[in-house]
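Working notes, beginning with the structure itself.
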Amino acid sequence: MHFLPQKAFALPIAALVLALSVGARGGDVPDRWWAPGEGRVLPAALDYDNDHGTLRTLTVGGPLKTAGHPFFEPLGKDGRACVTCHQPSDAMSLSVKSARRQWDRTDGKDPLFAAYDGSNCPTLPQDRRESHSLLLDRGLIRVERPWPTKSFNGNPVTPDFTIEVVRDPNGCNSGPAYGPAAGKISVYRRPRPVANMKYLLAVGFPYDPKQGYALPLDPDDGKPQSGNLMADNRAGNLRIQMEDAAATHLQMLKALTPAQRKTLQDFELRVYSAMQTSKAGGALDSMGARGGPVRLRDSQPGALGSIGEPVWSEFKAWESIPKDEAAKLTPEQLAHRQSIARGAKVFREKMFLITDTAGINSRIGFGNPVRNSCVFCHNMSQMGNDVAPGQVDLGTTTLPFADPWDDLPLFKVTCTGRPHPHYGKVIYTYDPGFALTSGKCADVGKITLQSMRGLSARAPYFSNGLAKDLRGVVDYYERRYSIGYTEQEKQDLVNLMSAL
Amino acid sequence: MKRLTLLAALCAATSAQAAQDTAGLVRFVACPVYRDTDAGRKSGCWLADDRENGKRWDVTESPYKPDWNFAVLVEGRPSANAAQPCGAPALDPVRTSRLDIPCTRHMIPAEGFPGRRYTLPRRNIAPLSVARAVPPGPYAERVFPVYFEFDKDFLVYQYDDWLIDNAVTWIKAAKPKKLIVTGFAATAPETVSGVTIAERPEAAQERAETIAETMRRLVPGTAVETKWEVAAQPTDEPEADGLPWQSQRRAEIRAVF
């Protein structure tokens, strides 16, 4: 089943996409939405407002002509391009707000809502909103993973768990074509930002302490891999990632050419995105603060904050703004800047007991529980991702920690070897995460840490969109770990995250 | 590598020095108790009670720490430091291996004890961006041991990574013809605190293969051969910290020219 109206099939895909895009613009002002194939020029610096301020995206060496560029051109049969789910206004990811806007403006005809993964399942009637509810309500794209896992890092894998489908509200984990028996498992995840890539690819140390191995080597260049690209770490380098995305999300029938891969990789390594201005606090790179994407562009990636520049010390100067400087601000601006600076300290210094969290409390040897703060995992200077491969189970996708949702599939995982260190032999999960790549029961529920820049532009949060806003992120951690944040601390953390 | 014959049954055959080294060793199985001290990150205390004599020990300094849901095999030596920041005499050196024996989790408050402020352990590695000093030659056949938790093949953070980093730095400089990795497992059953424990024979092969794969990743292009042995005997290598049981649970990387 296809979402496009019958008459549309007569049009070449590129022309159709352009028509939808122009129709969606509604004026001369360049639209927030970058439609595939529209041929706009991507400026060297591009600003977009959001609820918390202004996001800035830098393209090193820009401006960039997007006409003919494989990131921006529709490459597959559905008329999608990479930019469809990696929008500059959304910090090179995709917000629910943008998805809804495109649905409303195109009556669901935008290539974003392609049946393959922009709907809850291709078997559903594609012209109905409810068939796309996971994308429209939580920003989730369907991700189809092979079952059983056959290899990881080039080595054969025999999974040490079985998987059954407890419930399948969308039909994509049962029937003749879908589900474990058909060799496919459908999970639903947020698109990860294609920006600030040098940080996600950076390698700080030669070991993965969570897996107890030296880092795997990149099959292309023989260098250690960061393990921080994808939610389930199924792609260790950009080539594998883009080939995976082209074959699935873009539904390309042919492989990317070497020239296309080179152009894509070159572009992805040149894009930096971060909040530049706070609506309440003003310029994030003023009065000694060093927010914004310029610093991301100019810093060396991969540094551990605990032995170098502390994480979010970009806002240290705002911990004590001199009186003469403070006098230049409105009371609201001053208070907001102070709150951001406090939030950075809370992020680094507020200790709590981390419990029953694979990737932290097992198998690494820190103990269960272990006392630490947010920077225990979000430890890379300037960026807040994990210097080590960041596969951690916060419980966001797995019972009993995950919120109860009736619109996601629920899987029953049974460990056939050693039980999971925290869940035991039987685990109920909406998304086994890294286990679908490694084949290990101990990895069920582990999701690679999220990128923390540009958060204001791309709600909702966590891999399955469980937090609809930044406060929801803080509230989840409070529920999960009984941290004991004060109301002030919660607001300070929200204000910090809104400024990244 | 010089081997020790160990423990009571074998003491008579060992040197006086070795006998002295094994004196005072402590080994027992217990459900761990977490004392919630707060002196900053990683500052909580781990306590374990030897039920045979009623003694409570501070076992916090283990490189692999307990999980409050499972029993631990405690192995250590009473610390020379009499301070009790966790409210019990400390074992140091000490190891706490997680066993597959469920425990009722138990956390007690700090009760005025400060815990220990975290300090970076001696065995920590520098980031990749920091160049390693080239070890001086001449280079000849050499063996590098790596140690494991009971019945596991998992590389221990801030222990095994440091041991391997040192080995790899030397191997890169020495350029041996090949590496022979031998995994060992302590498979002889022993009864500790009324619990019979023995490592699985498979653990020896798992350790060999884990270290071999690690070598392939860290020194690609160097030939790596694997072997494994059960019924492992203790050694007196210093990085096992004088704990004979720890020295049994090892893999050896032999650089051959």
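The values are calculated or read from the model by the stated rules, or taken from the named source; none is laboratory data. All figures in this text were calculated on a predicted structure; none of them were measured in a lab. All Cβ positions, even for glycine, are placed from backbone atoms using ideal geometry, and neighbour counts span all protein chains on display. Only protein heavy atoms, including side chains, enter the accessible area calculation; ligands, DNA and RNA are left aside. Shrake-Rupley method; radii C 1.70, N 1.55, O 1.52, S 1.80 Å.
What tally of residues in the stretch B:30-45 results from selecting those that are within 18 Å of B:Ser97 (Cα to Cα), at the interface with chain A (Cβ under 9 Å from one of its Cβ atoms) and of a type in the set (Gly, Ala, Ser)?
Selection size over the stretch B:30-45: 1.
Using beta carbons and a limit of 8 Å, which pairs, at least six apart or on different chains, have the first residue in the stretch B:50-64 and assigned by TED's automatic domain parsing to the domain that holds B:Tyr34 and over 17 Å from B:Gln158 (Cβ atoms) and the second one among the small types (Gly, Ala, Ser) and outside any loop (DSSP other than H, G, I, E, B)?
B:Asp50/B:Ala30; B:Arg51/B:Ala30; B:Arg56/B:Ala48; B:Trp57/B:Ala48; B:Trp57/B:Gly76; B:Trp57/B:Ala90; B:Asp58/B:Ala90
If you go through the stretch B:153-192, how many residues are assigned to a strand (DSSP E or B) and within 11 Å of chain A (Cβ to nearest Cβ)?
0
Which one of these is out of contact with any strand residue (DSSP E or B) (no Cβ under 7 Å at 6 or more places or on another chain), assigned to a helix (DSSP H, G or I) and small (Gly, Ala, Ser): A:Ser119, A:Ser89, A:Ser133?
Only one candidate qualifies: A:Ser133.
Here is a check on your reading of the model: is A:Arg342 over 25 Å from A:Gln488 (Cβ atoms), open to solvent by 80 Å² or more (accessible area, probe 1.4 Å), outside any loop (DSSP other than H, G, I, E, B) and not aromatic (Phe, Trp, Tyr)?
no
Kindly check whether there is at least one residue in the stretch A:295-303 that is free of Cβ contacts under 8 Å to residues at least 12 places away in the same chain, within 23 Å of the chain's Cα centre (by Cα) and on the phi < 0 side of the Ramachandran plot.
Yes, some residue in the stretch A:295-303 is free of Cβ contacts under 8 Å to residues at least 12 places away in the same chain, within 23 Å of the chain's Cα centre (by Cα) and on the phi < 0 side of the Ramachandran plot.
Examine the stretch B:8-21 for a residue that is at pLDDT 95 or above, under 20 Å from B:Ala198 (Cα atoms) and more than 14 Å from chain A (Cβ to nearest Cβ), and state whether such a residue exists.
The answer is no; no qualifying residue exists.
Need pairs with beta-carbon distance below 7 Å; first residue in the same structural domain as B:Gln248 (by TED's automatic domain parsing) and within the stretch B:205-216, second buried (at least 20 other Cβ atoms within 10 Å of the Cβ) and of a type in the set (Asp, Glu); sequence gap 6+ or separate chains.
Pairs that qualify, where the first residue is in the same structural domain as B:Gln248 (by TED's automatic domain parsing) and the partner is buried (at least 20 other Cβ atoms within 10 Å of the Cβ) and of a type in the set (Asp, Glu), are B:Glu206/B:Asp153; B:Arg207/B:Asp153; B:Thr210/B:Asp153.
Assess whether A:Leu124 counts as being assigned to a loop (DSSP other than H, G, I, E, B) and crowded, with 18+ Cβ neighbours inside 10 Å.
yes
When both residues are 6+ apart or on different chains and their Cβ atoms are under 6 Å apart, which pairs have a first residue that lies in the stretch B:123-152 and is more than 10 Å from chain A (Cβ to nearest Cβ), and a second that is assigned to a loop (DSSP other than H, G, I, E, B) and among the polar types (S, T, N, Q)?
Between residues of the stretch B:123-152 that are more than 10 Å from chain A (Cβ to nearest Cβ) and residues that are assigned to a loop (DSSP other than H, G, I, E, B) and among the polar types (S, T, N, Q), the close pairs are B:Arg123/B:Gln158.
From the list A:Met351, A:Met383, exactly one residue is within 14 Å of another protein chain (Cβ to nearest Cβ) and either closer than 23 Å to A:Tyr423 by Cα or not hydroxyl-bearing (Ser, Thr, Tyr) (or both). Which is it?
Result: A:Met351 is the single residue among A:Met351, A:Met383 that is within 14 Å of another protein chain (Cβ to nearest Cβ) and either closer than 23 Å to A:Tyr423 by Cα or not hydroxyl-bearing (Ser, Thr, Tyr) (or both).
Mind checking whether some residue in the stretch B:122-129 is open to solvent by 80 Å² or more (accessible area, probe 1.4 Å) and more than 25 Å from the chain's Cα centre (by Cα)?
Yes; the residues of the stretch B:122-129 include at least one that is open to solvent by 80 Å² or more (accessible area, probe 1.4 Å) and more than 25 Å from the chain's Cα centre (by Cα).
Just to be sure before I move on: is B:Arg105 within 11 Å of chain A (Cβ to nearest Cβ), surrounded by fewer than 19 Cβ atoms within 10 Å (Cβ to Cβ) and modelled with pLDDT of 95 or more in the structure I sent?
yes
Applying the selection to the stretch B:199-257, what residues are part of a helix (DSSP H, G or I) and open to solvent by 70 Å² or more (accessible area, probe 1.4 Å)?
Result: B:Glu202, B:Glu209, B:Arg216, B:Pro238.
Return the residues of the stretch B:75-100 that are open to solvent by 60 Å² or more (accessible area, probe 1.4 Å) and either closer than 15 Å to B:Trp46 by Cα or touching a residue at least 24 places away in the same chain (Cβ under 8 Å) (or both); say none if nothing qualifies.
Across the stretch B:75-100, the qualifying residues are B:Gln84, B:Asp92, B:Asp100.
Checking A:Ile307 against (1) among the aliphatic types (A, V, I, L, M); (2) crowded, with 20+ Cβ neighbours inside 10 Å; (3) within 11 Å of chain B (Cβ to nearest Cβ), only one condition comes out false. Which one?
Every condition holds for A:Ile307 apart from (2).
Quick one: would you say A:Gly171 is surrounded by 16 or more Cβ atoms within 10 Å (Cβ to Cβ), in contact with a Ser or Thr (Cβ under 9 Å, 6 or more places away or on another chain) and either at pLDDT below 95 or not acidic (Asp, Glu) (or both)?
Judged against the criteria, A:Gly171 is a match.
Output the number of residues of the stretch A:451-493 satisfying the condition of being in a helix (DSSP H, G or I) and open to solvent by 20 Å² or more (accessible area, probe 1.4 Å).
Total satisfying the criteria: 11.
Evaluate the following for A:Asp51: is it at pLDDT 95 or above and open to solvent by 10 Å² or more (accessible area, probe 1.4 Å)?
Answer is yes for this residue.
Can you find even one residue in the stretch A:32-48 that is out of contact with any helix residue (DSSP H, G or I) (no Cβ under 6 Å at 6 or more places or on another chain), among the acidic types (Asp, Glu) and either in a loop (DSSP other than H, G, I, E, B) or at pLDDT 85 or above (or both)?
yes
Within 23 Å of B:Gly242 (Cβ to Cβ), more than 9 Å from every other protein chain (Cβ to nearest Cβ) and open to solvent by less than 20 Å² (accessible area, probe 1.4 Å), is that true of B:Asp50?
Against the criterion (within 23 Å of B:Gly242 (Cβ to Cβ), more than 9 Å from every other protein chain (Cβ to nearest Cβ) and open to solvent by less than 20 Å² (accessible area, probe 1.4 Å)), B:Asp50 qualifies.
Does B:Asp67 fit the bill of being more than 13 Å from every other protein chain (Cβ to nearest Cβ), modelled with pLDDT of 95 or more and closer than 20 Å to B:Gln246 by Cα?
The answer is no for B:Asp67.
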